[in-house]
């Protein structure tokens, strides 16, 4: 138990960090709400400023209003290949721990995948799992997570993946980033297609992904749309990193200050 002046100093330090973390989390929440609004804006009016919305001519489609010159296509029409993954034999150690990322549902927590919790060797490819090219869009199609959301992510490099995921390889001229956003914009439709087995496991049929209708703008507009999204998403990631750093700092200071391993310098009278 430190003296009262040091108690106050410790509390002041910890509360300062806590207030900074709370302020960052508020901005992060506002940024995420902006992303949701931006998604609706981009796939209704296109990458245009708010003041130009009255100039955009819309047409009614099966997926709602979209700009008059846009098309509605299925995911199947935008992809060269849609395939499911698999799991190599766990009884063969030569298949595991190699340089190839092996993506599962637990890795699907970010928009762009750069790695995975588990990896496989090159020998595992074609022996229980398959390799997806970079820019492939992964969708979780089986698991309890589907009761809450449908994780979608794009691969930053070639990756193997398991049977709970579907890999959608975009055709030439269609970027994985755009395909990711197009599918994200139609998540509500996918959620309505989720079914449940008797033991509670949720499932999304491959046909629901293949035949999912999405809005397709011109090539130039696709690039503008992706750039606009990346700016806001980048801001979100910076704020998330700051919030996590402040959380770690708070826990570290709490441990050090309350144990006396680090002391707060006090002003001399």
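Where a number appears in this text, it was derived from the coordinates with a stated rule and is not lab data. Worth saying up front: this structure is predicted, and the values here are computed from it rather than measured. Heads up, the Cβs are rebuilt from the backbone with ideal geometry, glycines too, and the neighbour counts pull from every protein chain shown.
Brief remarks follow.
- Most mobile listed residue (15, 159, 183) in the chain, GNM with C-alpha springs under 10 Å: 15
- Principal-axis tilt of helix 4-45 within the chain, Cα atoms, nearest 10 degrees: 10
- Using only alpha carbons, the range 72-216 has a radius of gyration to Kirkwood radius ratio (Rg to Rh) of 0.97.
- Helices in the chain, meaning DSSP H runs of at least 4 residues, each add -39500 (n - 2.57). Divided by all residues, the mean residue ellipticity at 222 nm is -13500 deg cm²/dmol.
- The residues 53, 150, 4, 82, when put in order of fewest to most other Cβ atoms within 10 Å, stand as 4, 53, 82, 150.
- Between 259, 207, 175, the GNM of the chain built on Cα springs shorter than 10 angstrom shows 259 fluctuating the most.
- Reciprocal mean inverse distance between Cα atoms of the chain - Kirkwood radius, Å: 21.5
- Least to most buried among 102, 96 (fewest other Cβ within 10 Å first): 96, 102
- Working value for the range 112-192: equivalent-ellipsoid semi-axes of 22, 17, 10 Å, each the square root of 5 times a Cα gyration tensor eigenvalue, largest first.
- Relative contact order (%) - the range 156-260, alpha-carbon pairs under 8 angstrom, separation at least six: 21
- The relative contact order of the chain, computed from alpha carbon pairs under 8 Å that lie at least 6 residues apart in sequence, is 25 percent.
- Here the relative contact order of the range 72-216, from alpha carbon pairs under 8 Å that lie six or more residues apart, stands at 32 percent.
- Between the range 85-148 and the range 1-34, the Cα center-to-center distance that results, in Å: 39
- Sorting 73, 109 from the fewest to the most surrounding beta carbons within 10 angstrom yields 109, 73.
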